[in-house]
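Enquirer: Structure in structure tokens, see below.
The values are calculated or read from the model by the stated rules, or taken from the named source; none is laboratory data. Fair warning: this is a prediction, and the values are worked out from it, not measured in the lab. All Cβ positions, even for glycine, are placed from backbone atoms using ideal geometry, and neighbour counts span all protein chains on display. Keep in mind that these areas ignore ligands, DNA and RNA; they rest on the heavy atoms of the full protein, side chains included. Shrake-Rupley method; radii C 1.70, N 1.55, O 1.52, S 1.80 Å.
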Amino acid sequence: MAQPMIVLFTDFGLPYTGQVKAVLHREAPGAEIIDLFIDAPAHDPKAAAYLLEPYVREFPEGAVFLCVVDPGVGGMRGPGVLEAGGRWFVGPDNGLFELVVRRAPGAPTWREITWRPDGLSATFHARDLFAPVAARVSAGEMPNAVERPIGNIRRADWPDELAEVVYIDNFGNAISGVRAASVPLDSEVRAGGHWLKKTRTYSDVPPGRPFCYENANGLLEIAVNQGRADDILGLQIGTEITIKE
């Protein structure tokens, strides 16, 4: 049986992603390593949490997600391994996994990692701690860890829908933390000082027209047909979105 894939979800960019992958290749040579996001919302576990959960669904049970958006690295936040929906998530307990836990079937579990490598950097736990742990988990092993109540990592006060921009993609489209199914088709959405109609797809509006729609991962996304919504509407991560039904 093939070793489960390891999926990267980080805000690192380069060269740090390359360093993490070098460790994964060394420690888990049989695992396929997939870059999901290496540009998740920087220093923002909350925004990243609403982005992570919808993109998990494409991956099979057994997949191991190495998830690190970790502004508190080296501080009091704890490292751990989450099992949710038959998948594994390795990363910090800073709220990054809240939406995964909230929407997972069954009863997710959290194990606090007590293992520490020799030469642990104070600022690069993804390379020195989380990557070796993810490699072991993908091989069917669990490093030294203690099961803790799942409530220890919850952020129950966070809303179910985050009415903000949580990601700007390569085309300048602005992805929100709102599930599009909760927004009726005849709704209007305000972002960047503009009211936008919700439509089905790009060809429903003329070139240059801004609009919003349900993206392929079920999130409400703001776009401009053949243009950049971030530039035209002045959008960035954290821009608030208002929905009028």
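Enquirer: Give me the pairs, please: first residue somewhere in segment 158-174 and hydroxyl-bearing (Ser, Thr, Tyr), second residue anywhere and open to solvent by less than 50 Å² (accessible area, probe 1.4 Å) and part of a loop (DSSP other than H, G, I, E, B), beta-carbon distance under 9 Å, and either six or more positions apart or on two chains.
Expert: What qualifies is Tyr167/Ala40; Tyr167/Pro41; Tyr167/Asn173.
Enquirer: Scan segment 113-142 residue by residue and report those that are free of Cβ contacts under 8 Å to residues at least 40 places away in the same chain and assigned to a loop (DSSP other than H, G, I, E, B).
Expert: Matches in segment 113-142: Thr114, Trp115, Arg116, Pro117, Asp118, Gly119, Leu120, Ser121, Gly140, Glu141.
Enquirer: Yes or no: segment 172-183 includes at least one residue that is within 25 Å of Gly13 (Cα to Cα) and over 20 Å from the mean Cα position of the chain (by Cα).
Expert: Within segment 172-183, not a single residue is within 25 Å of Gly13 (Cα to Cα) and over 20 Å from the mean Cα position of the chain (by Cα).
Enquirer: Confirm whether Glu214 is at pLDDT 95 or above, open to solvent by 50 Å² or more (accessible area, probe 1.4 Å), under 27 Å from Glu83 (Cα atoms) and touching a strand residue (DSSP E or B) at 6+ places or on another chain (Cβ under 8 Å).
Expert: Judged against the criteria, Glu214 is not a match.
Enquirer: When only residues in segment 223-245 that are outside any loop (DSSP other than H, G, I, E, B), closer than 14 Å to Ala163 by Cβ and of a type in the set (Val, Ile, Thr) count, which is least open to solvent (accessible area, probe 1.4 Å)?
Expert: The extreme case among them is Ile241.
Enquirer: In segment 199-222, how many are assigned to a loop (DSSP other than H, G, I, E, B) and in contact with a Leu (Cβ under 6 Å, 6 or more places away or on another chain)?
Expert: 0
Enquirer: Can you find a residue that is in contact with a helix residue (DSSP H, G or I) (Cβ under 7 Å, 6 or more places away or on another chain) and basic (Lys, Arg) anywhere in segment 119-140?
Expert: yes
Enquirer: Which residues, counting only those in segment 71-97, are open to solvent by less than 40 Å² (accessible area, probe 1.4 Å) and of a type in the set (Phe, Trp, Tyr)?
Expert: Phe89, Phe97
Enquirer: What is the residue count in segment 10-28 for residues that are of a type in the set (A, V, I, L, M, F, W, C) and in a helix (DSSP H, G or I)?
Expert: Total satisfying the criteria: 4.
Enquirer: Which condition does Ala156 not pass, out of (1) modelled with pLDDT under 95; (2) over 15 Å from Glu214 (Cβ atoms); (3) open to solvent by less than 40 Å² (accessible area, probe 1.4 Å), if it passes all the others?
Expert: (3) is the only condition that Ala156 fails.
Enquirer: In segment 29-54, which residues are under 15 Å from Trp158 (Cβ atoms) and either modelled with pLDDT under 95 or open to solvent by 10 Å² or more (accessible area, probe 1.4 Å) (or both)?
Expert: Within segment 29-54, Asp44, Pro45, Lys46, Glu53 qualify.
Enquirer: Name the pairs: first residue in segment 9-21 and closer than 14 Å to Leu66 by Cα and open to solvent by less than 50 Å² (accessible area, probe 1.4 Å), second residue of a type in the set (Lys, Arg) and not in a loop (DSSP other than H, G, I, E, B), Cβ to Cβ under 6 Å, at least 6 apart or on different chains?
Expert: Val20/Arg127
Enquirer: Shifting gears a bit: I'm trying to understand the selection: among the residues of segment 9-30, which are in contact with a helix residue (DSSP H, G or I) (Cβ under 6 Å, 6 or more places away or on another chain), closer than 21 Å to Leu96 by Cβ and of a type outside the set (A, V, I, L, M, F, W, C)?
Expert: Gln19
Enquirer: Against the condition at pLDDT below 95, open to solvent by less than 70 Å² (accessible area, probe 1.4 Å) and not polar (S, T, N, Q), how does Val183 come out, does it pass?
Expert: So Val183 passes the test.
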